[in-house]
Amino acid sequence: MARTNGGSAPFLISGGGIGGLVTAYALARQGIAVRLFEQSPEFREVGAGIQLGPNIFRVLEKIGLKEAVLADAHRPPAQEMRDAITGNLITRVPLDGEFSKRFVQPYAVTHRADIHGTFLKACQSSNLITLETSRRVDSYEDHGDRVTVTLENGERVEGCALIACDGMWSRIRDRIVGDGKPRVSGHIAYRAVLKRAQVPADLWRSDVVLWAGPRCHFVHYPLRRGELYNLVAVFHSDHYEEGWNAEGSKDLLWKHFQGLRPEVLRLLELIDTWRMWVLCDREPVKDWSKGRVTLLGDAAHPMLQYLAQGACMATEDAVVLAEKIAAAPDDPVSAFKEYQQERYLRTARVQIMARVYGEFYHARGVTAELRDIAVGGRTLPQTYDSVAWLYGGP
Ligand SMILES: Cc1cc2nc3c(=O)[nH]c(=O)nc-3n(C[C@H](O)[C@H](O)[C@H](O)COP(=O)(O)OP(=O)(O)OC[C@H]3O[C@@H](n4cnc5c(N)ncnc54)[C@H](O)[C@@H]3O)c2cc1C
């Protein structure tokens with residue numbers, strides 16, 4: 001039975017990325033009707049991998065999607081960090097054994113399209129969710145007892161409240177927070193996905209491997225039950241382009257990666273076409289709800305990817321928000337305030353720490369030496385302690 005505020009008015013969601021879809025599903029699980037608008041002609045995710053810490057599985061379990069997400073994923077035995085010039089191992093952190101005991105939930109890596117597809121399928125199976133594509137939300141009005149959104153074609157749609165899951169360049173955020181464009185970090189990520197057969201056997205690793213170099217780093221790990229191999233190369237550059245799908249210049253990449261280990265260069269050479277992300281984030285804010293409108297995921301707290309947590313945080317947001325709304329279905333204003341109150345410090349910490357990790361991965365000279373001593377000198381329990389605030393949550 002649908003529990004919606006104001007009789008039949010559903011909750012409206014703008015954006016059908018990972019955050020929007022999981023929010024729609026988490027609400028429907030609570031019996032709440034949802035209407036979701038996605039601007040693109042179809043629901044899809046870019047071709048790239050995503051790491052999933054134990055914290056996302058804790059909330060996925062609550063909404064019954066843990067096993068479905070794991071079914072497509074790869075479970076890396078360890079995370080490894082190596083010096084990209086000398087090849088020396090800086091640290092190796094097993095993700096089974098003691099890690100599993102400590103955090104109870106698994107660590108996994110998956111294709112973005114796979115987790116997004118799982119959320120989409122879950123939404124499609126619910127008769128409380130209406131999914132609409134080629135529908136861009138342009139603006140909204142908050143009438144106090146309901147909201148109206150105006151779509152790109154001028155159509156006006158009424159709902160009980162609006163949850164903006166419209167990502168890093170959120171239009172709704174402008175009205176709620178008003179902090180302008182995202183902060184350009186000066187770092188660019190190039191990404192590519194190979195089939196297993198394309199990867200030479202001596203370069204294939206089951207672990208998540210991070211090669212730390214001066215002002216750059218390179219990460220690789222398998223995807224989709226080991227059928228694919230994900231490559232991400234990150235380096236410093238002032239180039240700016242909005243969106244997540246521009247083609248990246250190979251010359252620019254080689255300029256930044258010359259002199260690194262042959263294992264790194266041989267993998268980079270395998271890629272014909274790189275896709276590029278100009279990495280941005282924002283300063284954390286405390287207040288991202290106004291009346292019957294709130295933000296979620298990258299719209300609320302966009303972060304650099306160095307802790308591999310943006311999608312994990314969006315999923316945590318979704319489950320917390322759905323619980324708050326379920327507790328007060330007729331009072332979304334209070335539910336939104338309670339949701340942001342519970343979320344802002346945790347997400348802010350990830351935003352800030354992701355910047356620190358970025359500096360850390362790209363360190364040079366003495367700073368890099370200190371990093372290697374500090375990270376390499378830790379015992380495993382100390383390493384697990386250092387991430388307990390993150391993986392032990394939410
Ligand atoms: C290089 C890189 C690596 C990453 N690695 C990881 C990782 O390992 N682990 C992890 O957890 N996270 C990772 N992330 C972060 C993660 O990708 C994002 O945090 C997550 O995708 C955010 O999801 P979202 O739904 O909030 O936003 P988005 O994925 O940006 O989705 C927004 C959706 O809204 C739609 N939209 C926008 N405007 C409108 C509008 N006006 N009307 C209707 N629809 C609209 C868009 O078309 C899109 O579908 C990484 C990010 C990058 C850049």
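The values are calculated or read from the model by the stated rules, or taken from the named source; none is laboratory data. Predicted model, so just to flag it, every value in this text is computed and none were measured. Here the Cβ is made from the backbone with ideal geometry for all residues, glycine too, and neighbour counts use every protein chain on show. We work out accessible area using only protein heavy atoms, side chains counted, and drop any ligands, DNA or RNA first. Shrake-Rupley method; radii C 1.70, N 1.55, O 1.52, S 1.80 Å.
Descriptive notes on the structure:
- Normalised by residue count, the range 140-193 yields a Cα convex hull volume of 135 Å³ per residue.
- Anisotropy class of the range 35-151 from Cα gyration tensor, a/c 1.5 cut: prolate
- Full-extension gain in nm, Val366 to Asp287, via 0.36 nm per residue minus C-alpha separation: 24.5 nm
- Put a dot 7 Å past the Cα of Lys62, heading toward its Cβ, do the same for Leu270, and the two dots end up 3.9 nm apart.
- MRE, 222 nm, helices only [DSSP H, n ≥ 4, -39500 (n - 2.57), over the chain, to nearest 500]: -11000 deg cm²/dmol
- Ser139/Ala348 FRET efficiency (R0 30 Å; Cβ-Cβ; nearest 0.05): 0.60
- Fraction of the pair-distance distribution of the chain above 35 Å, Cα-Cα pairs, percent: 25
- Accessible carbon and sulfur surface of the chain relative to its total accessible area, %, 1.4 Å: 49
- Cα shape, the range 288-391, gyration tensor, a/c 1.5 rule: prolate
- Once you reduce the range 206-280 and the range 354-390 to the center of their Cα atoms, the two points are 21 Å from each other.
- Accessible area per residue (1.4 Å probe, heavy atoms of protein chains only) ranks Ser40, Ser125 as Ser125, Ser40, with the largest value leading.
- When only Cα pairs below 8 angstrom with a gap of at least 6 residues are kept, the chain shows a relative contact order of 22 percent.
- Nearest-10 value in Å² for the accessible area of Glu369, using the 1.4 Å probe: 120
- Looking at the range 71-175, the accessible area is 43 square angstrom per residue; that uses a 1.4 Å probe and ignores ligands, DNA and RNA.
- Neighbourhood charge, 12 Å Cβ-Cβ cut-off, centred on His256 and excluding it, Lys, Arg +1 and Asp, Glu -1: +2
- Rel. contact order, % - alpha carbon contacts under 8 angstrom, at least six apart, the range 15-93: 18
- Cross-link pairs beyond the 32 Å C-alpha cut-off, checked among Lys101/Lys255; Lys62/Lys250; Lys66/Lys337; Lys121/Lys337: Lys101/Lys255; Lys62/Lys250
- In order along the range 120-125, the phi-based Karplus estimate (6.51 cos²θ - 1.76 cosθ + 1.60, θ = phi - 60°) of 3J(HN,Hα) comes to 4, 4, 4, 5, 5, 7 Hz; Gly and Pro are listed as x.
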